[in-house]
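Worksheet: the structure to be examined is printed underneath.
The values are calculated or read from the model by the stated rules, or taken from the named source; none is laboratory data. Treat the numbers as computed from the prediction; the structure is a model and nothing was measured. Cβ atoms come from the backbone with ideal geometry, glycine included; neighbour counts cover every protein chain shown.
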Amino acid sequence: MKKMILFAAAIMMAFGASAQMSLVKDLAKKAASGNPMDLAEVLEKIEPAFTNPESANDVLTWFTAGKAAFGLYDELYKVKLLGQPVDDNMMSQALAAAYEYYQTALPLDSVVEVDKNGAPKLNKDGSKKIKTKYSKDIIGALTSHMGDIANAGNIFLQASDWENAAAAFGNYADIATSAFAIANNLVPADSTLSQVRFFQGYSQYQTQNFAGAYDSFTKARKLGYTENNIVDFQTSALANLVQGMLNDNEYDKANNFIDNALKADPMNGTLHDIKGFTVELQNGVDAALPFYRKAVEVDPTYANAFFDVGRCLYLQAQKIIDDNPNATNKELVPKLKPIYDEAIPYLKKASELNPDDTKAKNVLDDILYKFEVMGVK
């Protein structure tokens, strides 16, 4: 009885898979329709095929879905051009879905050619001959809709739909830099691509995808983008990313990440300051101080770096006080005064650069108070 049940179940599964592919083939014919209702029906009915073991691995499933989604977008766009009201968000969703479906289809559209005996045909180098059936149509549709995908990103951006905006801008950039786009001279100007990468990063930043945002901002800057405070956004993304690593006690990972960032951007004072902060947590103020000094050197306008130098010097002096609890003021002055004298200009500069932040002023006031107590003029 048990064998019969298992056998029946196997037949049911095989029948289900066969029926699913039969449905996909029927839907493939309907996907060629220019009727929006037919296309919407294809997208609704094909969903079960995405998870069926047989149909999920068949390129026709994803090609059909992509063709229907692109078709629906195109038909809605025609309606919009006629001045009739259209749901822009629905259009953008259809376009985003079409991209994902076709991206899934591409790697599946690789079939090994076989001879009459079923053996794989070979190239001269011994590799198997591969043929494709839908790739040309897929790539053509993706590249011809590049501008539409960028526009969808703008629509999502204006609606503060950050996740979909990031995906759309990323999709555009990936298509625009693909081998097909390069071979057919479809790559946009760096100024356009860099702006798209910025808005991809900006959208990722809003979702707290700091790793993705940092990567997108880096790509934008490499293409020459300098607007919209991109350096601040990029650095903030890195700072948040590193903070997450430090919270997880991943000090080596954080240091390696910052070091790689510094190789690409050695004149970024904030990066040197973040490096100092990371080193300080792990090895203390003495080890961190050179990195804070470097931050001041490369960016004389960065208030936090000046504060960090002054703060570290102040802490060095405080350690001398803590290590010598029985020392008199007369004994401490020669040891503390040179350190405080060095710290004061940094703290004053930090307050000057950022007068709204009272941290530097508080430390400076404490140093002046100690001078008064010790009788230093």
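Can we say Asn57 is surrounded by fewer than 19 Cβ atoms within 10 Å (Cβ to Cβ), at pLDDT 90 or above and either of a type outside the set (A, V, I, L, M, F, W, C) or under 33 Å from the mean Cα position of the chain (by Cα) (or both)?
yes
Can you tell which of Lys133, Lys124 is farther than 22 Å from Ser194 by Cα, touching a residue at least 24 places away in the same chain (Cβ under 8 Å) and not in a helix (DSSP H, G or I)?
Criteria check complete, one pass: Lys133.
Among the residues that make up the range 82-99, is at least one of them in a helix (DSSP H, G or I) and surrounded by fewer than 14 Cβ atoms within 10 Å (Cβ to Cβ)?
yes
Filter the range 199-247 down to the residues that are farther than 22 Å from Tyr302 by Cβ and charged (D, E, K, R), then identify the one that is surrounded by the fewest Cβ atoms within 10 Å (Cβ to Cβ).
Lys222
Anything in the range 255-268 that is of a type outside the set (A, V, I, L, M, F, W, C), touching a residue at least 12 places away in the same chain (Cβ under 8 Å) and farther than 20 Å from Tyr302 by Cα? List them, or say none.
Selection gives Asn255 alone.
So, in the range 338-361, exactly how many residues are in a helix (DSSP H, G or I) and among the polar types (S, T, N, Q)?
Summing the residues that are in a helix (DSSP H, G or I) and among the polar types (S, T, N, Q) in the range 338-361 gives 1.
Specify the residue that is surrounded by the most Cβ atoms within 10 Å (Cβ to Cβ); the eligible residues are those in the range 1-53 that are out of contact with any Lys or Arg (no Cβ under 7 Å at 6 or more places or on another chain), at pLDDT 90 or above and in a loop (DSSP other than H, G, I, E, B).
Ile46
Out of Ile149, Ile175, Ile182, Ile138, which single residue is in a helix (DSSP H, G or I) and surrounded by fewer than 19 Cβ atoms within 10 Å (Cβ to Cβ)?
Every option except Ile182 fails the conditions.
Looking for something under 22 Å from Asp232 (Cβ atoms) and either in contact with a Lys or Arg (Cβ under 7 Å, 6 or more places away or on another chain) or in a helix (DSSP H, G or I) (or both) - is there at least one such residue anywhere in the range 362-372?
No - not one qualifying residue is present in the range 362-372.
Listed here are the residues, each with its yes/no results for (1) closer than 20 Å to Ala287 by Cα; (2) among the basic types (Lys, Arg).
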site: Arg221; (1), (2): no, yes
site: Thr226; (1), (2): no, no
site: Ser236; (1), (2): no, no
site: Val242; (1), (2): yes, no
site: Asp248; (1), (2): no, no
site: Tyr251; (1), (2): yes, no
site: Asp259; (1), (2): yes, no
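With respect to Asp252, determine if the residue is out of contact with any strand residue (DSSP E or B) (no Cβ under 6 Å at 6 or more places or on another chain), exposed (fewer than 15 other Cβ atoms within 10 Å of the Cβ), free of Cβ contacts under 8 Å to residues at least 60 places away in the same chain and more than 17 Å from Phe210 (Cβ to Cβ).
It is true that Asp252 is out of contact with any strand residue (DSSP E or B) (no Cβ under 6 Å at 6 or more places or on another chain), exposed (fewer than 15 other Cβ atoms within 10 Å of the Cβ), free of Cβ contacts under 8 Å to residues at least 60 places away in the same chain and more than 17 Å from Phe210 (Cβ to Cβ).
For the range 353-377, give me each residue that is surrounded by 15 or more Cβ atoms within 10 Å (Cβ to Cβ), out of contact with any Leu (no Cβ under 8 Å at 6 or more places or on another chain) and not hydrophobic (A, V, I, L, M, F, W, C).
Selection gives Asn354, Lys359.
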